[in-house]
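To keep things clear, I will list the structure first and then write my remarks on it.
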Amino acid sequence: LNAGQSSTMTVTTSSTTPTGTFPITVTGTGSAATHSTTFTLTVNPASPGPALVQTASGTETTSAATLSGTFPAATGSGDLLVLSASEYNGATNHITSVTDTAGNTWTRIGSYDVAGHNSNGEMWYSAAAKPTTMVTAHNGTAAFEAFEVLDFTGVAISGPLDTSNGSSNTGTSASSGTATSSLANEVAVGFVAGHGNTQRITVTSPGYTAQSQQNTTGTIATVVTGYQVLGTTGAQSIAGTFASGMYWASGIAVFKPAG
């Protein structure tokens, strides 16, 4: 290069490059002079991205105003907890609050019901949660309810919820409607809830890892949850089918990855 000229050098590391700092010396040799410069390359560990750690679930055999579920082990510090619930209570007796044994703050994402239908589905979340072992959903009055809580690592600890959607109706198929993700490597969490029938609900949207279906006894409320890590941005939804027509609710929430 002549005086006053500049150039850009690109350093590419492989997936096996260890983390740490590495000194690099660049030497330029000309016909009349040799110049060297040294700088330090810092390799930071890559974020592992969102990942499911464990689940907790709760189902009822009698109508009650509270329902609890217990994790196999305490959740990790800073994890994201997402609760999806199926309630046989229509539009008038939704979950009033969610609590846990660590005193974490829980926020409602959405409540999905149709007037005149005895069915409702809800989603709640707790971000950057302190380690907890038990989660409890509270209703204003007694209701039949089933829920599942998913415990994730690798999710943003501040403002993690990117977008959400939900719907409720009757028939032999259910869909949350569309929620459009804005970042790569987000995690989509969704559910399909059924009411009045213990029939199997099959998640039909591609890419989702479905969890075990949770069913109450007595007055029936069922729920199946699922999740997937999204490689690209775009429209997302969760859908499911079942053999016999029934009232249903479905919801989806998309969460940002850790920075």
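The values are calculated or read from the model by the stated rules, or taken from the named source; none is laboratory data. Keep in mind it's a predicted model, so treat the numbers as computed, not measured. No Cβ is skipped: glycine too gets one built from the backbone with ideal geometry, and neighbour counts run over all protein chains shown. We work out accessible area using only protein heavy atoms, side chains counted, and drop any ligands, DNA or RNA first. Shrake-Rupley method; radii C 1.70, N 1.55, O 1.52, S 1.80 Å.
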If we ask which residues in segment 101-112 are assigned to a strand (DSSP E or B) and open to solvent by 20 Å² or more (accessible area, probe 1.4 Å), their number turns out to be 5
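Across segment 184-195, what is the number of residues that are surrounded by 17 or more Cβ atoms within 10 Å (Cβ to Cβ) and in a loop (DSSP other than H, G, I, E, B)?
Kept after step one, since they are surrounded by 17 or more Cβ atoms within 10 Å (Cβ to Cβ), are these residues of segment 184-195: 185-195.
Imposing the further condition that a residue be in a loop (DSSP other than H, G, I, E, B) reduces the set to 185.
Selection size over segment 184-195: 1.
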Note on N104: of the conditions (1) over 17 Å from L52 (Cα atoms); (2) in contact (Cβ under 8 Å) with a residue 40 or more places away in the chain; (3) in contact with a Leu (Cβ under 9 Å, 6 or more places away or on another chain); (4) not aromatic (F, W, Y), unmet is (2)
The one condition V155 fails out of (1) within 17 Å of Y125 (Cβ to Cβ); (2) modelled with pLDDT under 95 is (2)
Given L161, L150, which one is surrounded by fewer than 19 Cβ atoms within 10 Å (Cβ to Cβ) and within 14 Å of the chain's Cα centre (by Cα)?
L161
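Condition check ((1) under 24 Å from N185 (Cα atoms); (2) in a strand (DSSP E or B); (3) of a type in the set (V, I, T)) across all residues:
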residue: L81; (1), (2), (3): yes, yes, no
residue: S84; (1), (2), (3): yes, yes, no
residue: N93; (1), (2), (3): no, no, no
residue: T96; (1), (2), (3): no, yes, yes
residue: M123; (1), (2), (3): yes, yes, no
residue: S126; (1), (2), (3): yes, yes, no
residue: T132; (1), (2), (3): no, no, yes
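Scan segment 164-183 residue by residue and report those that are open to solvent by 30 Å² or more (accessible area, probe 1.4 Å) and out of contact with any Pro (no Cβ under 8 Å at 6 or more places or on another chain). Before you say what the answer is, go through the steps one by one.
To start, the set of residues in segment 164-183 that are open to solvent by 30 Å² or more (accessible area, probe 1.4 Å) comprises 164-165, 167, 169-170, 172-173, 175, 178, 180, 182-183.
Residues satisfying the conditions are S164, N165, S167, N169, T170, T172, S173, S175, T178, T180, S182.
Residue-wise test of (1) at pLDDT below 95; (2) more than 19 Å from the chain's Cα centre (by Cα); (3) closer than 12 Å to S250 by Cα.
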| position | (1), (2), (3) |
| --- | --- |
| S175 | no, no, yes |
| T180 | no, no, no |
| A188 | no, no, no |
| V192 | no, no, yes |
| I201 | no, yes, yes |
| Y208 | no, no, no |
| Q211 | no, no, no |
Checking A143 against (1) at pLDDT 95 or above; (2) buried (at least 21 other Cβ atoms within 10 Å of the Cβ); (3) not acidic (D, E), which test does it fail?
(1)
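Scan segment 76-93 for residues that are open to solvent by 40 Å² or more (accessible area, probe 1.4 Å), touching a residue at least 40 places away in the same chain (Cβ under 8 Å) and over 24 Å from A156 (Cβ atoms) and jot them down. Give the derivation first.
Within segment 76-93, the subset open to solvent by 40 Å² or more (accessible area, probe 1.4 Å) is 77, 88, 91-92.
Within this subset, residues satisfying the condition of being touching a residue at least 40 places away in the same chain (Cβ under 8 Å) are 77, 88.
Selection gives Y88 alone.
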